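The values are calculated or read from the model by the stated rules, or taken from the named source; none is laboratory data. Bear in mind that the values here come from a model prediction, so they are computed numbers and not experimental data. Don't worry about glycine lacking a Cβ; one is built from the backbone with ideal geometry, like all the others, and counts go over all protein chains shown. Accessible surface is based on the protein model in full, side chains and every heavy atom, while ligands, DNA and RNA are left aside. Shrake-Rupley method; radii C 1.70, N 1.55, O 1.52, S 1.80 Å.
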Amino acid sequence: MKSTEIKRSIHWVGAIDWNVRDFHGYSTPEGSTYNSYLLVDEKTVLFDTVKKPFAGDLLRQINQVVDPARIDYVVVNHVEPDHSGALPEIVDVAKPEKIICSAQGQKAMIAHFHREDWPYHVVKTGDEISTGSRTIRFIETRMLHWPDSMMSYVVEDKLLLSQDGFGQHWATSERFDDEVCPCELMRQSAKYYANILLPYSGLVRKLLADVKSSGLEIDMIAPVHGLIWRSEPGKIIAAWDEWSRQVTKNKALVVYDTMWQSTHLMAKAVADGVQEAGMSVKLMKLGEFHRSDVVTELLDAEALILGSSTLNNNMLPQMADVLCYLKGLRPAPKNAAAFGSYGWGGEAVKLINEAMEEMRFNIVDTGVRVNYVPTEADLERCRELGRKVAAA
Ligand code: FEO
């Protein structure tokens, strides 16, 4: 892949991972990119590296612009291994004068690489360094989404190097927002927000407010995954504002798993009831839909209705999986209910309700349980459940 000049003397030199399909539990059917950026000035600066197996790609990309041995400073905005994995190779080749990072970044690098001897240079919010004709200002973004996270801002170019912020997992040969389908770009961006940033939405709102009140002018946002926001940086900032406030639509999700199709029939009836009551509905069968797609759809949904057959006095494993994932991502409370078929014990509905109560969801009904195969009267109870959740 070619390096790409994104601003005068600032180059994308990252790697494209066409084949990655799982990102610690987040499905990435379109792959991802690990974006590094190289600023060539009196001092040459590399911003972030790439996942370790792509170290050779990174060195080749840098070599298209300058000899990697010429790198003076390496800025580590984020230590997660998809961005710092190739750091040891870069340090070996470049022998940088400084590795610039937050205080937490230094601790994290020592814990990852066990190299106390590297030339760490700790910065905090507002600190600046000059590279000659450019000024780089640092903005700590602690817990967005790791303790070490920070962003770098090239003052003269109004360029925000936003690490994971405003990114997407989407492998493309294109580098800029205006070169790809805008709907797909926003869909990938929403999925990224829902699966990575959702638990930190309060901190996102604070960051956006701080950026606004500081008057920071942003002409371009260059994240470490996906496309660079060249034409409409304001569009992704506005979207993050909306997602961080978890603005909902008149929409319910019916998410379920089924053993012998009885819970499937119930799910369809619940969805019919939701729709009859004038609410938009999306039906998602686990196994066909991945947990990370469920969370993405939940981002703007008002209600969540979960269904599972009972297996060995418990819910089906895929339902337990999605509940565990949801609990960690801490979505804003939703109106909720549960349903499911059973043979003898019938515990799944109760257990799902308990899990949703733990997430502070508003359980609007104790739920519908059906012994073995639903009758028409049972399906009407399911439709009524859907109507009741929609009304709530
Ligand atoms: Fe893309 Fe948090 O690493």
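Observations, loosely collected:
- Looking only at the stretch 141-166, and only at residues there that are among the acidic types (Asp, Glu) and crowded, with 22+ Cβ neighbours inside 10 Å, the one that is nearest to the ligand (Cβ to nearest atom): Asp164
- Applying the condition of being in contact with a Ser or Thr (Cβ under 7 Å, 6 or more places away or on another chain) and of a type outside the set (A, V, I, L, M) to the stretch 357-392 and asking which residue is farthest from Asp272 (Cα to Cα) yields Tyr372.
- For the stretch 228-261, a residue qualifies if it is free of Cβ contacts under 8 Å to residues at least 60 places away in the same chain, in contact with a Lys or Arg (Cβ under 7 Å, 6 or more places away or on another chain) and of a type in the set (A, V, I, L, M, F, W, C), and exactly one does: Leu253.
- Test: residue in the stretch 67-87 that is more than 24 Å from the chain's Cα centre (by Cα) and more than 20 Å from Thr131 (Cα to Cα): no
- Residues in the stretch 192-248 that are within 16 Å of the ligand (Cβ to nearest atom) and in a loop (DSSP other than H, G, I, E, B): Pro223, Val224, His225, Gly226, Leu227.
- Entry remark, the stretch 113-122: residues being closer than 16 Å to Asp92 by Cα and either open to solvent by 50 Å² or more (accessible area, probe 1.4 Å) or outside any loop (DSSP other than H, G, I, E, B) (or both) number 6 in total.
- Ala94 more than 12 Å from the ligand (Cβ to nearest atom) and without any contact (Cβ under 8 Å) to a residue 40 or more places away in the chain: no
- Answer residue from the stretch 64-80, given it is closer than 16 Å to Ala94 by Cβ and among the acidic types (Asp, Glu) and is farthest from the ligand (Cβ to nearest atom) among those: Asp67
- Summed over the stretch 123-140, residues that are open to solvent by less than 20 Å² (accessible area, probe 1.4 Å) and part of a loop (DSSP other than H, G, I, E, B) total 3.
- Matching helices (runs of 4 or more DSSP H) fully within the stretch 1-101 where at least 3 residues are open to solvent by 10 Å² or more (accessible area, probe 1.4 Å): 55-63, 87-94
Let's see how each residue does on (1) aliphatic (A, V, I, L, M); (2) surrounded by 14 or more Cβ atoms within 10 Å (Cβ to Cβ); (3) in contact (Cβ under 8 Å) with a residue 60 or more places away in the chain:
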site	(1), (2), (3)
Ser173	no, no, yes
Cys181	no, no, no
Ala194	yes, yes, yes
Ala209	yes, no, no
